[in-house]
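Q: Here it is: the structure, laid out below.
The values are calculated or read from the model by the stated rules, or taken from the named source; none is laboratory data. It should be emphasised that the depicted structure is a prediction, and the values quoted were computed from it without experimental measurement. Glycine gets a Cβ as well: all are built from the backbone with ideal geometry, and neighbour counts include every protein chain shown. Ligands, DNA and RNA are excluded from the accessible area calculation, which covers all protein heavy atoms including side chains. Shrake-Rupley method; radii C 1.70, N 1.55, O 1.52, S 1.80 Å.
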Amino acid sequence: MKAFLHILFICMLSCLALPCFAEEKEEEAFDVAATIFEHLGDSYEWHIAGDCVIPLPCIVIEKGGVATFMSDEIEDGKVCKGYHIAEEGEYEGKIVNADGERPFDISITKNVLELLIVCTVMCVVILSLAAWYRKHGHKKAPGGFVGAMEAVIDFVDKDIVKASIGHGYEKFSYYLLTIFFFILTCNLLGLLPVFPGGANLTGNITVTATLAITSFIAINFFAPKEYYKSIFWPDVPLFLKAIPLMPVIEFIGVFTKPFSLTIRLFANILAGHVVILSLTCLIFITEPMGEMMNGSMTVVSVLFCLFMNCLELLVAFLQAYVFTMLTATFIGMAHNE
Amino acid sequence: MNLLTPDPGLLFWMVLSFAVVFLLLAKFGFPVIVGAINKRKEFIEMSLLSAKQANEKLAKIQEESEQLLADAKAKQKDIIASAMQEKQKILEAAQEEARSSAKQIVDEATAHIAAEKDKALREVRSEVAALAIDIAEKIVGEKMSNTAEQQRTIEKLIDEL
């Protein structure tokens, strides 16, 4: 109850403060869609708040060679080394060359930097855990963070991977553990509103598609002969195979599995981000409607945001669990058919 | 829709970094952790098993020692009982022997006494006969011939007394 009052007080305080803030930069109408899409999408620099921007390195490769520059050298329509950001057209918001063509762009964008942060965090955490086990051996029970991580790792290894795949699960255990912790770290960092997090990685179709492709490889490339037989020559009446109806359906099924994995993770995380951003935008939409309205909507917005963030915390774990479990189940199905 | 088109640059970095992270963790990270967890599980199971076995062993040993103690007690009782019996037997035998030897001694003594008495009587008798002859000689005043016939007569007279 005390904590609740505390939160309520902070909400009240924020609704007092925010209108004053907002009044300073009036005039330009607030574009909700643009704000939300800016947060969801990728960008060449990392926008933190107001004028605080972290410039990131851009790397483009073309036939002429590699060009590198910082993102603040091409902001606001500036041209650097013949490259600029397209204002409109097919490549709007992307780096193009003087002819308006798109080079091979491997810039360290916001999402790429977030990806590298996620990878670093994962490596540091898991390798330091491994170091703990190397140092202490198996006769000492861990406590604190190591113990908590051990519980999660053991849960994934035994209750997801072993339970879904069964015999011979060890071959896939490390891959699925990596997938689980990768998605979990992305999701959790995505929930942070400021710098080390905030990018929308698992809500990006490139990332989820790559993850799904790895699970496609894990499902299909290690499957026994019977799996391929069940796809191309399944145990069904001959007339279903003669006109290759069943094989076609089965063959499509091979690709719908990773596709559904891609879309599920992508849509869930994207939707969560959209809802939280929309609720936050509510404050700024109601700003022209007067202080009373704005203040009360701010309270509503903050409370809903609080609720949504708790929900997203659950979703972060849930989606990592679902992706891992479904991949493990598909692998198990391929092996035990 | 910008959100639904994959970005080649991000794809490049994603593939690269995911591959690196996967290889790194699958080689140096997870095997160590999962191995340690599994080993500890085994270790705990083994410890429980050995503890159970030790308990069982202890119980068995206790039972055995109790059995041993009971056996020893029974044996002790047996030995005592047989010793008592032996003692009784020896006592009885000794008594028997004593009794028989005493009886023998008494018998011998009795026989001896009887023989002595006979002898003494006979001596007394012959002495008395001699005395009687002497007295009779003196009374009669004549020397009676000490013949066998006279002797017989005297003995007949003594017997009649």
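Q: Using a/c under 1.5 as the rounded threshold, could you call region B:1-96 rounded, prolate or oblate? The axes a ≥ b ≥ c are square roots of the C-alpha gyration tensor eigenvalues, and prolate needs a/b larger than b/c, oblate otherwise.
A: On the way: a/c = 20.56, a/b = 8.62, b/c = 2.38.
Prolate, because a/c is 1.5 or more and a/b exceeds b/c.
Q: For region A:294-309, what does the Karplus curve 6.51 cos²θ - 1.76 cosθ + 1.60, with θ = phi - 60°, yield as ³J(HN,Hα) per residue in whole Hz, taken in order and with x for Gly and Pro?
A: Each residue of region A:294-309 in turn: 4, x, 5, 5, 4, 4, 4, 4, 5, 5, 5, 4, 4, 4, 5, 5 Hz.
Q: Right, next: Can you list the residues of region A:178-215 whose accessible area drops by at least 40 Å² going from the chain on its own to the full set of protein chains, with a 1.4 Å probe?
A: Buried-area filter returns A:178, A:205, A:206, A:210.
Q: Among B:130, B:98, B:70, whose Cα projects farthest towards the positive end of the dipole of region B:70-131, with charges put on the beta-carbon of Lys, Arg (+1) and Asp, Glu (-1)?
A: Of the listed residues, the answer is B:70.
Q: For region A:221-298, what is the convex hull volume of its Cα atoms per residue in Å³?
A: Values: hull volume 11.0 nm³, N = 78.
Convex hull volume per residue, Cα atoms: 141 Å³.
Q: A further question follows. Per DSSP H run of n ≥ 4, the term is -39500 (n - 2.57); total these for chain A, divide by its residue number, and report the mean residue ellipticity at 222 nm rounded to 500 deg cm²/dmol. List each step's numbers first, then the result.
A: Details: 10 runs with 208 residues, N = 337.
Result for chain A: -21500 deg cm²/dmol, rounded to the nearest 500.
Q: Work out the length of the dipole vector of the protein assembly as shown about its Cα centre, built from +1 on the beta-carbon of each Lys and Arg and -1 on the beta-carbon of each Asp and Glu, and round it to the nearest 20 debye.
A: Roughly 1660 debye, rounded to the nearest 20.
Q: Sticking with this structure for a sec: So what's the angle, to the nearest 10 degrees on a 0 to 90 scale, between helix A:110-136 and the longest Cα principal axis of chain A?
A: It is inclined by approximately 60 degrees.
Q: If you don't mind, there's one more thing I want to ask. Search the structure for amide H atoms under 5 Å from the amide H of residue A:200, placed 1.01 Å from N in the peptide plane, and list their residues when 5 or more places away or on another chain.
A: Excluding prolines and chain starts, which carry no amide H, there are no hits.
Q: Residues of region B:35-79 that become at least 20 Å² less accessible with every protein chain present than in their own chain isolated, using 1.4 Å: which are they?
A: B:36, B:37, B:38, B:39, B:40, B:41, B:43
Q: Summarise the partner chain shielding of B:17-28 as one whole number: the mean count of Cβ atoms from other chains within 10 Å of each residue's Cβ.
A: 6
Q: Okay, moving on. Obtain the nm distance between the two label points defined at residue A:52 and residue B:20 by a simple spin-label model: each point lies 7 Å from its Cα along the Cα-to-C-beta direction.
A: 2.8
Q: Further question: For region A:110-336, what does the alpha-carbon gyration tensor say about shape, rounded, prolate or oblate, given a ≥ b ≥ c as the root eigenvalues, a/c under 1.5 as rounded, and a/b over b/c as prolate?
A: Because a/c hits 1.5 or more and a/b fails to exceed b/c, region A:110-336 counts as oblate.
Q: Let me ask you something else. Using each residue's phi in region B:50-57, evaluate 6.51 cos²θ - 1.76 cosθ + 1.60 at θ = phi - 60° and report the 3J(HN,Hα) Karplus result to the nearest Hz, with x for Gly and Pro.
A: So the Karplus estimates, Gly and Pro as x, are 5, 5, 5, 4, 4, 4, 4, 4 Hz.
Q: Could you please state how large a percent of the accessible area of chain B is carbon and sulfur, counting protein chains only and using a 1.4 Å probe?
A: C and S fraction of accessible area: 62 percent.
Q: Okay, helix-only estimate at 222 nm for chain B: each DSSP H run of n ≥ 4 adds -39500 (n - 2.57), divide by all residues, round to 500 deg cm²/dmol; what do you get?
A: -32500 deg cm²/dmol
Q: If you stretched the chain out fully between residue A:303 and residue A:263, how much longer would it get, using 0.36 nm times the residue separation minus the C-alpha to C-alpha distance? Write out the running numbers ahead of the final one.
A: Values: separation 40, 0.36 × 40 = 14.40 nm, distance 2.92 nm.
Going from the current span to full extension adds 11.5 nm.
Q: Work out, step by step, the length gained on full extension between residue B:127 and residue B:57: first 0.36 nm times the residue separation, then minus their alpha carbon distance; give nm to one decimal.
A: Taking 0.36 nm per residue and subtracting the Cα distance, the gain is 15.0 nm.
Q: Using a ≥ b ≥ c from the Cα gyration tensor of region A:152-263 (square roots of the eigenvalues), is it rounded, prolate or oblate, where a/c under 1.5 gives rounded and otherwise the larger of a/b and b/c decides, a/b for prolate?
A: Numbers: a/c = 3.82, a/b = 1.79, b/c = 2.13.
The shape class here is oblate.
Q: For chain A, set up a Gaussian network in which alpha carbons nearer than 10 Å are linked by springs, and say which option among A:90, A:312, A:226 fluctuates the most.
A: For chain A, modelled as a Gaussian network with Cα springs under 10 Å, the answer is A:90.
Q: Could you point to the residue in A:243, A:185, A:231 farthest towards the positive end of region A:148-302's charge dipole, with +1 and -1 charges on the Cβ of Lys/Arg and Asp/Glu respectively?
A: Comparing the listed Cα positions along the dipole, A:243 ranks first.
Q: Next question, about the same structure. Taking only protein heavy atoms and a 1.4 Å probe, what accessible area per residue, in Å², does chain A have with all protein chains in place?
A: 52
Q: Still on this structure, please answer the following. Under a Cβ-Cβ cut-off of 14 Å, what is the net charge of the residues other than residue A:79 that fall near it, where Lys and Arg count +1 and Asp and Glu count -1?
A: It works out to a net charge of -4.
Q: Per Stokes-Einstein, at 37 °C and 0.692 mPa s, what whole-number D in µm² s⁻¹ belongs to the protein assembly as shown, with the Kirkwood radius over Cα pairs as the hydrodynamic radius?
A: Rounded, D is 101 µm²/s.
Q: Over region A:46-108, what portion of Cα pair distances is larger than 19 Å, expressed as a whole percent? List each step's numbers first, then the result.
A: Working: 530 of 1953 pairs.
Across region A:46-108, Cα pairs with separations above 19 Å total 27 percent.
Q: I'd like the distance between the alpha-carbon centres of region B:78-141 and region A:146-195, rounded to an integer number of Å.
A: That distance is 120 Å.
Q: Kindly give the semi-axes, whole Å and largest first, of the ellipsoid equivalent to region B:4-161, taking each as the square root of 5 times a Cα gyration tensor eigenvalue.
A: Semi-axis lengths for region B:4-161 are 136, 10, 7 Å.
Q: If you average the alpha carbon positions of region A:70-117 and of region A:244-263, how far apart do those two centres end up, in angstrom?
A: Their Cα centres are 36 Å away from one another.
Q: Here's another thing I want to ask about it. For a quick protection proxy, order the peptides A:178-184, A:157-163, B:76-82, A:58-64 by their average other-Cβ count within 10 Å, most packed first.
A: Ranked from most to least packed, the peptides come out as A:178-184, A:157-163, A:58-64, B:76-82.
Q: If I stretch the segment between residue B:102 and residue B:27 completely, what's the gain in nm (0.36 nm per residue apart, minus their alpha carbon distance), one decimal?
A: Here the answer is 16.1 nm.
Q: At 1.4 Å probe size, with the rest of the protein present, what percent of the exposed accessible area of region A:46-108 is carbon and sulfur atoms? Kindly include the intermediate steps, with their values, before the conclusion.
A: On the way: 1890 of 3710 Å².
The value for region A:46-108 is 51 percent carbon and sulfur by accessible area.
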